[in-house]
Amino acid sequence: MTIAIVVLVVLVLAGGVVLVVGLLGSREPTTLDDRLAEFGTLEQPSSLEELELSQPFSERILLPLLRGLASFASRFTPQRSTEALQHQLDLAGNPYGWGPTEFLGVRLLVMLLLGGLGFALLMLAKQSLPKRIMMVGGAVGMGYYLPVLWLKSKASKRQKEVLKSLPDALDLLTICVEAGLGFDGAMTKVADKWDNELSRAFMRVIQELQLGKLRREALRDMSDRIQVPDLTTFVAAIVQADQLGVSIARVLRIQSDQMRMRRRQRAEGLARSAGIKMLPAIVFFIFPSIFVVLLGPAVIKVMSMGDIFGNFGGVGNIP
């Protein structure tokens, strides 16, 4: 029985390692030029088996497994939950090109792995049945919600990156528009110059415009996919200027000055709060060290003097 449990633990750990390696090694969506270049440089496979083996591990093994688990779970998932999950994936920048189906499969797979690992470890620990049920349930719940926490952290990191790069992007947009370029051409320059979340968002807007989407709808969709207040303000100003016929160059100049002022205010706020954030470290780590350095020699001296006085007292009591 113990050997079977050990084998189960090893299999669960191996499955977790394979999942992490496969997901981290999966390729991000590439552009059309990259795929055409790869198609022209690689030799064509001579058989269907070689064509299948030429694909990465995540596409051959993990994605079919995730889609199978997700197709089973999607039967019991409401449409509103699927739309909410798609919105969360958009906020995180659609990591690894996942859709709601693939992400739901990831949640189920992590839940099964952690649940199996917790069950095997509790069998080795020989706990009582109520404790086993409670701990396995906790491991299953943790496995189901850990991918959601990871997705929220990705979305938060993406929003911070957009907020940090927005003033510089507005400066470049202002320079390009004042030099004579149109707003769409200025966004193309920003998308070509940088490779960050904001430039990729601008590139998606340009692609949507090329497909015939209205500019105000494409910009509003970009704002909804990022949900940064400064970007929402910028999009609202551009849409209003476009509808009212106001000079976009003047609006961009005003927005650029405001974004830089807000970034300076955020930096000053972080600097003011640095002292409060450092206070716990000072109280619990630095002050004790200072006390040890300052009071340690005095304490040692007082203790040694006490020993000397004790010896004198002992000598005086000798008959």
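Couple of notes before you dig in:
- Counting only residues that are closer than 30 Å to Arg216 by Cβ and among the hydrophobic types (A, V, I, L, M, F, W, C), the range 242-299 holds 9 of them.
- Only listed residue being over 22 Å from Ser156 (Cβ atoms) and hydroxyl-bearing (Ser, Thr, Tyr), chosen from Ser256, Ser223: Ser256
- Residue match in the range 211-224 (condition: surrounded by fewer than 12 Cβ atoms within 10 Å (Cβ to Cβ), over 17 Å from Val162 (Cα atoms), among the aliphatic types (A, V, I, L, M) and modelled with pLDDT under 90): no
- Candidates Ile286, Ile238 - the one that is at pLDDT 85 or above, in contact with a Leu (Cβ under 8 Å, 6 or more places away or on another chain), in a helix (DSSP H, G or I) and of a type in the set (A, V, I, L, M, F, W, C): Ile238
- Flag if Gly185 is part of a loop (DSSP other than H, G, I, E, B), more than 22 Å from the chain's Cα centre (by Cα) and not basic (Lys, Arg): no
- Applying the condition of being surrounded by 18 or more Cβ atoms within 10 Å (Cβ to Cβ) and in contact (Cβ under 8 Å) with a residue 24 or more places away in the chain to the range 231-252 and asking which residue is nearest to Lys160 (Cα to Cα) yields Leu231.
- Pairs are defined by a Cβ separation below 6 Å, a sequence spacing of at least 6 or placement on different chains, a first member in the range 79-95 that is in contact (Cβ under 8 Å) with a residue 40 or more places away in the chain, and a second member that is not aromatic (Phe, Trp, Tyr); the pairs so defined are Gln88/Leu151; Asp90/Arg225; Leu91/Ala155; Ala92/Leu151; Ala92/Lys154; Ala92/Ala155; Gly93/Arg158; Pro95/Lys154.
The values are calculated or read from the model by the stated rules, or taken from the named source; none is laboratory data. Note that the structure is a prediction, hence the values are computed from the model and not measured. Don't worry about glycine lacking a Cβ; one is built from the backbone with ideal geometry, like all the others, and counts go over all protein chains shown.
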